[in-house]
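**Q** Below is a structure I'd like to ask you about.
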Amino acid sequence: MGTQAATIITDDYSDIETEIDELQDCLQELDDTDAQLLSFHYVEGLSCSEIGELLQISDITARQMYSDAVENLRVVRNRRR
């Protein structure tokens, strides 16, 4: 692999690390419920149906809460930019 290709890959990796750091900071600004829902979905790999079962809420409610959490994350992220 050439030096230029290695630099591009390293830069891309650095960009990904920066994105991850930014998202982690944004998650800390969310309320506990939103952060927990996003963690269940993205970290634990649970579907909205499974989250609903876990929290003893309906599937529809879990989907709406998840959607709201994603939107709240977007708001926090856009505010920081």
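The values are calculated or read from the model by the stated rules, or taken from the named source; none is laboratory data. Computed from a prediction, not measured in an experiment: that's the story for all the values here. Cβ: placed from backbone, ideal geometry, glycine included. Neighbour counts: every protein chain shown.
**Q** Exactly one of these conditions fails for residue 79: (1) closer than 21 Å to residue 23 by Cα; (2) modelled with pLDDT of 95 or more; (3) not polar (S, T, N, Q). Give me its number.
**A** Status for residue 79: all satisfied but (2).
**Q** In segment 31-76, which residues are among the polar types (S, T, N, Q), out of contact with any helix residue (DSSP H, G or I) (no Cβ under 6 Å at 6 or more places or on another chain) and either closer than 20 Å to residue 21 by Cβ or part of a helix (DSSP H, G or I) (or both)?
**A** Correct list: 33, 36, 39, 61, 64, 67.
**Q** Just the residues that are modelled with pLDDT under 55 and not in a helix (DSSP H, G or I), please, taken from segment 1-30.
**A** 1, 2
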